[in-house]
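Novice: First the structure, which I've put down as structure tokens, then a few questions once you've had a look.
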Amino acid sequence: MAKVYLGPAGIPQFVVKAKSTLEAVRVVRELGLNAMEVEFVQGVRMSRDLAKQVGKAARDFDVKLSVHAPYFINLCSEEADKVEKSRQRLVDSLDRAYYMGAWVVVVHAAYYGRLGPERCFEKVREELERAYRESGIGSGVYIGVEVTARTNQFGSVEEAFRLAKELPFVTPVVDWGHLYARNGGVINYGEVLDLWTREFGGAHMHTHFTSVRYRNGKFVDEHEPIERNMPPFEPLARELKERDMTITLICESPLLEKDALLMKEVLEEVGVSLA
């Protein structure tokens, strides 16, 4: 049976409303969850001092923290200034993650643009190496390269896994909803989990979960409550029951902790308890 960390992407708002990231850590634990992703998606506005306070709260309440870097990142932009600003946003995210004790910073790395997939891969690799070096953190925080929903974005399973094999400070982040959309409404949880085990053994796997919207004849990167079952969660829960692995499930549904608690119920129904 898998060792599971589960929690919301951001501050609880529906079951119990938290007023801040610091308060949210306590609320997450009181709800019976054990993970939370700190959202810097609109920019890194948290001070180092506050990051340290959040980290202390996470240790006190035994909540595993991760960070999501700003959305405004494109390491394969044709404009040098945009690449520079993108890299700095990642550097700032790594810095705050380090001070709060978060173990991974999730990033949407790039769009292929005119470079195309292979040249974009090399550019992303180069920029991630530079960002990690410029952050000065040394070690202790991974860059989590997220599997993306759009086929014009860097972030197929193959790209994310390959990059993690080449760079020791990178880990793939499988967003199950994104993968479902990227594959046109098809997902094989067991296949991806088997690939993870072959490539990374017992390493901690960080993932996101949400349903996505179907519009104009295709699945799009718009998050929906998990009751929409696009993709369904229960098959993933059943796969985790049969596996000896450590995994984080961050709920990115619009209902945040409410759907995280629903995911917990499903896990418990199939016989999986949180770590």
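Novice: If you scan region 212-224, which residues turn out to be surrounded by fewer than 15 Cβ atoms within 10 Å (Cβ to Cβ) and either polar (S, T, N, Q) or more than 17 Å from T151 (Cβ to Cβ) (or both)?
Specialist: Hit for region 212-224 is N216, nothing else.
Novice: Checking the condition β-branched (V, I, T) and more than 27 Å from A149 (Cβ to Cβ), which residue from V44, V38, V54 passes?
Specialist: V54
Novice: While we're here: Out of H204, H178, I need the residue that is in contact with a His (Cβ under 8 Å, 6 or more places away or on another chain) and either open to solvent by less than 50 Å² (accessible area, probe 1.4 Å) or within 21 Å of G10 (Cα to Cα) (or both). Which one?
Specialist: Of H204, H178, the one residue that is in contact with a His (Cβ under 8 Å, 6 or more places away or on another chain) and either open to solvent by less than 50 Å² (accessible area, probe 1.4 Å) or within 21 Å of G10 (Cα to Cα) (or both) is H178.
Novice: Sticking with this one: Sort through G113, G138 and tell me the only one that's at pLDDT below 95 and of a type outside the set (F, W, Y).
Specialist: G138
Novice: Being crowded, with 18+ Cβ neighbours inside 10 Å and closer than 30 Å to R238 by Cα is true for just one of V83, V63, V91, V15. Which residue is that?
Specialist: Answer to the selection: V63.
Novice: Exactly one of these conditions fails for L193: (1) in contact with a His (Cβ under 6 Å, 6 or more places away or on another chain); (2) surrounded by fewer than 22 Cβ atoms within 10 Å (Cβ to Cβ); (3) aliphatic (A, V, I, L, M). Give me its number.
Specialist: Failed condition: (1).
Novice: So which residues in region 161-175 are assigned to a helix (DSSP H, G or I) and surrounded by fewer than 16 Cβ atoms within 10 Å (Cβ to Cβ)?
Specialist: Those that are assigned to a helix (DSSP H, G or I) and surrounded by fewer than 16 Cβ atoms within 10 Å (Cβ to Cβ): K165, E166.
Novice: Could I ask something else about it? Scanning region 113-151 for residues that are open to solvent by 20 Å² or more (accessible area, probe 1.4 Å) and touching a strand residue (DSSP E or B) at 6+ places or on another chain (Cβ under 7 Å), which turns out nearest to E222 (Cα to Cα)?
Specialist: The qualifying residue nearest to E222 (Cα to Cα) is R150.
Novice: If you check T246, T207, which single one turns out to be in contact (Cβ under 8 Å) with a residue 12 or more places away in the chain, touching an Asp or Glu at 6+ places or on another chain (Cβ under 9 Å) and of a type in the set (S, T, Y)?
Specialist: None of the other options fit; the residue is T207.
Novice: Evaluate the following for V105: is it touching a Pro at 6+ places or on another chain (Cβ under 9 Å), surrounded by 20 or more Cβ atoms within 10 Å (Cβ to Cβ), not basic (K, R) and not in a helix (DSSP H, G or I)?
Specialist: Spelling it out, it is not the case that V105 is touching a Pro at 6+ places or on another chain (Cβ under 9 Å), surrounded by 20 or more Cβ atoms within 10 Å (Cβ to Cβ), not basic (K, R) and not in a helix (DSSP H, G or I).
Novice: Which members of region 24-58 meet the condition of being part of a helix (DSSP H, G or I), farther than 25 Å from E268 by Cα and touching a residue at least 12 places away in the same chain (Cβ under 8 Å)?
Specialist: Passing the criteria: R48, L50, A51, K52, Q53, V54, G55, A57.
Novice: Give the residue, chosen from E126, E122, E191, that is free of Cβ contacts under 8 Å to residues at least 12 places away in the same chain and within 29 Å of E224 (Cβ to Cβ).
Specialist: E191
Novice: Ok, one more. Those residues that are charged (D, E, K, R) and either in contact with a strand residue (DSSP E or B) (Cβ under 7 Å, 6 or more places away or on another chain) or open to solvent by less than 10 Å² (accessible area, probe 1.4 Å) (or both), I need them from region 27-60; list them, please.
Specialist: E37, E39
The values are calculated or read from the model by the stated rules, or taken from the named source; none is laboratory data. Quantities reported herein were computed from a predicted structural model and do not represent experimental measurements. Don't worry about glycine lacking a Cβ; one is built from the backbone with ideal geometry, like all the others, and counts go over all protein chains shown. Please note that ligands, DNA and RNA were not included when accessible areas were found on the heavy atoms of the full protein model with its side chains. Shrake-Rupley method; radii C 1.70, N 1.55, O 1.52, S 1.80 Å.
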